[in-house]
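Here the structure is laid out as structure tokens; the discussion comes afterwards.
The values are calculated or read from the model by the stated rules, or taken from the named source; none is laboratory data. Remember, it's a predicted structure, so these values are computed and weren't measured experimentally. Cβ placement follows ideal geometry from the backbone for every residue including glycine, while neighbour counts extend to all protein chains displayed.
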Amino acid sequence: MIGGFANIFKIPELKRRITFTLAMLIVYRVGVQVPTPGVDSTALASIFAAAKGTLLGLVDMFSGGALERLSVFALGIMPYISASIILQLLTVVVPHLEQLKKEGEAGRKKITQYTRYGTVVLSIIQGLGIAVGLETMTAPGGAAVVLTPGWGFRLMTVITLTAGTAFIMWLGEQITERGIGNGISLIIFTGIVCRMPVAIGQTFQLLSTGEIGIFLVILLVVMMVAVIGVIIFVEQGQRRIAVQYAKRVVGRRMYGGQSTHLPLKINSAGVIPPIFASSIIMFPATIASFINVPWMKSVADALMPGQLLYELIFVGFIIFFCYFYTAVTFNPTDVADNMKKAGGFIPGIRPGRRTAEHIDRVLSRITLGGAVYVSVICVLPSVLISQFNVPFYFGGTALLIVVGVAIDTISQIESHMLTRHYEGFLKGGSGRIRGRQ
């Protein structure tokens, strides 16, 4: 593995892509530190200090700590993800969008443009909701969060937060095109990883004051290692369907006749379902938590992590998006048709429609297992917070994103090295790191 990392710097293009990616992520972290004008940062920080383990704490984790400071990147990348969800759902029901999807690169660019417009609209709505809510909030000591309330502050906040989200969206696209890929996922990954030292420091602080015991800390470390092992094991897991290719005679030579397999990922949707589910729940819940209206407060309280309604909705969205995203990215009919054209067939299954039905049936079963696995991992933080008073979101969506994105990034770097005939991170074909692409 050490030799694999050393080979990175021998490939100029890969070295340039990694350097560009790191530079863009540094720009993102610098922007997290830039505050929005007109807000008392001390009063806002005291509010978030009392919100650990709540919805605000979860939203702040996805923004990389930007919401706690109400920086220019406070909305994070969630409006973009929400807009992407809406466009993907509309693609199924709107004929025009469905036609654009089939037009290849030109249609993809048009859908991306619509997604950008939707991101700006959602950012304006969320930014206005946060600005209005901040004007009604006071710190535990009684200090007002907003220094000069009014429409001037609201417009400034909306413009600042919307511009920040648009800039993050641009950063993600640049990392995808000119970096090592997965720009949006890497931005979320960076925000979560940068919050981990704070969470570890809080744990040791509680340990020193005696609020949690050393046995619980050891148990958390063991559990974290076990959860990481489970995530890596399942993310690399495949269901292989045997495929046989018929022999063909071309001239005087005979081709084909070999046996291979069709690999189906257990969790083919990756980290997309929990990100999408969190984004959908956060959008109304974030606005509700900032607006001081009784029924809105009731909605915010019901959608807090640990509440039964929140967990049920969260798990339901995860299962839905596991199936939805798998259906969008993998078409059994196209796979069966391509297999038939190449002279391939699944032993015991007729080529064509029967093959597509068989693949779809197998994919549906393993997707259910993958959805259950993702749901269990993602509800783990709520159990730890409610039962063991853990001061941060251990495991769950955060750990799944960190491990999943790390696997995909290493896989892409390894692919660059192998295509240029350099040794990868692991020796031997059986040790090849597989991403979710």
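Please state which one of Gly118, Gly133, Gly107 is under 15 Å from Ile168 (Cα atoms) and not acidic (Asp, Glu).
Values: Gly133 fails: under 15 Å from Ile168 (Cα atoms); Gly107 fails: under 15 Å from Ile168 (Cα atoms).
From the options Gly118, Gly133, Gly107, the qualifying one is Gly118.
Across the range 370-396, which residue is farthest from Leu308 (Cα to Cα) among those that are of a type in the set (Ser, Thr, Tyr) and either at pLDDT 70 or above or more than 16 Å from the chain's Cα centre (by Cα) (or both)? Don't jump to the end; show me each part of the working.
Residues of the range 370-396 that are of a type in the set (Ser, Thr, Tyr), as a first pass: 373, 375, 382, 386, 393.
Now drop any that are not either at pLDDT 70 or above or more than 16 Å from the chain's Cα centre (by Cα) (or both), which leaves 373, 375, 382, 386.
On the way: Tyr373: 19, Ser375: 14, Ser382: 10, Ser386: 12 Å.
Only one residue fits best here, namely Tyr373.
Under the condition of being of a type in the set (A, V, I, L, M) and over 28 Å from the mean Cα position of the chain (by Cα), which residue from the range 194-217 is surrounded by the fewest Cβ atoms within 10 Å (Cβ to Cβ)? Outline the logic, then answer.
Going through the range 194-217, the residues of a type in the set (A, V, I, L, M) turn out to be 196, 198-200, 206-207, 212, 214, 216-217.
Still in the running and over 28 Å from the mean Cα position of the chain (by Cα): 206-207, 212, 214, 216.
On the way: Leu206: 17, Leu207: 14, Ile212: 19, Ile214: 8, Leu216: 17.
Step by step, filter the range 194-217, then rank; the result is Ile214.
Count, please, the residues in the range 159-212 that happen to be over 27 Å from Arg16 (Cα atoms), in contact (Cβ under 8 Å) with a residue 24 or more places away in the chain and part of a loop (DSSP other than H, G, I, E, B).
Number of matching residues: 2.
So Thr148 clears everything in (1) surrounded by fewer than 22 Cβ atoms within 10 Å (Cβ to Cβ); (2) closer than 19 Å to Pro35 by Cα; (3) touching a helix residue (DSSP H, G or I) at 6+ places or on another chain (Cβ under 8 Å); (4) among the hydroxyl-bearing types (Ser, Thr, Tyr) except one condition, right? Which one?
(3)
Any idea which residue in the range 102-117 is farthest from Ile85 (Cα to Cα), counting only those that are of a type in the set (Val, Ile, Thr) and surrounded by 15 or more Cβ atoms within 10 Å (Cβ to Cβ)? Steps first, answer last, please.
Residues of the range 102-117 of a type in the set (Val, Ile, Thr): 111-112, 115.
Those still in the list that are surrounded by 15 or more Cβ atoms within 10 Å (Cβ to Cβ) too: 111, 115.
Numbers: Ile111: 12, Thr115: 9 Å.
Here the residue is Ile111.
Return a yes/no flag: does the range 339-347 have any residue that is part of a helix (DSSP H, G or I), under 25 Å from Glu235 (Cα atoms), at pLDDT 75 or above and of a type outside the set (D, E, K, R).
Step one: of the range 339-347, the residues part of a helix (DSSP H, G or I) are 339-341.
Next, only the ones that are under 25 Å from Glu235 (Cα atoms) stay: none.
No: the range 339-347 contains no residue that is part of a helix (DSSP H, G or I), under 25 Å from Glu235 (Cα atoms), at pLDDT 75 or above and of a type outside the set (D, E, K, R).
Just checking, which of Gly191, Gly179 is in contact with a Lys or Arg (Cβ under 6 Å, 6 or more places away or on another chain) and surrounded by 13 or more Cβ atoms within 10 Å (Cβ to Cβ)? Full working, then the answer.
Numbers: Gly191 fails: in contact with a Lys or Arg (Cβ under 6 Å, 6 or more places away or on another chain).
Of the residues listed, the single one that is in contact with a Lys or Arg (Cβ under 6 Å, 6 or more places away or on another chain) and surrounded by 13 or more Cβ atoms within 10 Å (Cβ to Cβ) is Gly179.
Could you please let me know if Phe215 is at pLDDT 80 or above, closer than 26 Å to Ser71 by Cβ, not in a loop (DSSP other than H, G, I, E, B) and not small (Gly, Ala, Ser)? Let's see the steps before the verdict.
Numbers: at pLDDT 80 or above: yes; closer than 26 Å to Ser71 by Cβ: no; not in a loop (DSSP other than H, G, I, E, B): yes; not small (Gly, Ala, Ser): yes.
Criteria not met by Phe215.
In the range 89-118, what residues are closer than 22 Å to Tyr323 by Cα, in a loop (DSSP other than H, G, I, E, B) and not basic (Lys, Arg)?
Answer for the range 89-118, where residues must be closer than 22 Å to Tyr323 by Cα, in a loop (DSSP other than H, G, I, E, B) and not basic (Lys, Arg): just Val94.
So which residues in the range 29-62 are part of a helix (DSSP H, G or I), at pLDDT below 65 and over 27 Å from Ile81 (Cβ atoms)?
Scanning the range 29-62 gives no hits.
Looking only at the range 1-28, filter to residues that are surrounded by fewer than 18 Cβ atoms within 10 Å (Cβ to Cβ) and among the aromatic types (Phe, Trp, Tyr); which one of those is modelled with the highest pLDDT?
Only one residue fits best here, namely Phe20.
Given the criteria part of a helix (DSSP H, G or I), at pLDDT below 75 and surrounded by 21 or more Cβ atoms within 10 Å (Cβ to Cβ), does Thr367 qualify? Please lay out each step first, then the result.
Numbers: part of a helix (DSSP H, G or I): yes; at pLDDT below 75: no; surrounded by 21 or more Cβ atoms within 10 Å (Cβ to Cβ): yes.
The answer is no for Thr367.
For Val225, state whether it is under 22 Å from Val379 (Cα atoms), without any contact (Cβ under 8 Å) to a residue 24 or more places away in the chain and either small (Gly, Ala, Ser) or part of a helix (DSSP H, G or I) (or both). It would help to see each step written out before you state the result.
Details: under 22 Å from Val379 (Cα atoms): yes; without any contact (Cβ under 8 Å) to a residue 24 or more places away in the chain: yes; either small (Gly, Ala, Ser) or part of a helix (DSSP H, G or I) (or both): yes.
Against the criterion (under 22 Å from Val379 (Cα atoms), without any contact (Cβ under 8 Å) to a residue 24 or more places away in the chain and either small (Gly, Ala, Ser) or part of a helix (DSSP H, G or I) (or both)), Val225 qualifies.
Name the single residue, out of those in the range 297-330 being of a type outside the set (Ser, Thr, Tyr) and exposed (fewer than 14 other Cβ atoms within 10 Å of the Cβ), that is modelled with the lowest pLDDT.
Our first condition is that a residue be of a type outside the set (Ser, Thr, Tyr); within the range 297-330, this holds for 297, 299-309, 311-322, 324, 327-328, 330.
Filter once more, so that each one left must be exposed (fewer than 14 other Cβ atoms within 10 Å of the Cβ): 297, 308-309, 312, 316.
Numbers: Lys297: 69, Leu308: 79, Leu309: 81, Leu312: 87, Gly316: 91.
Here the answer is Lys297.
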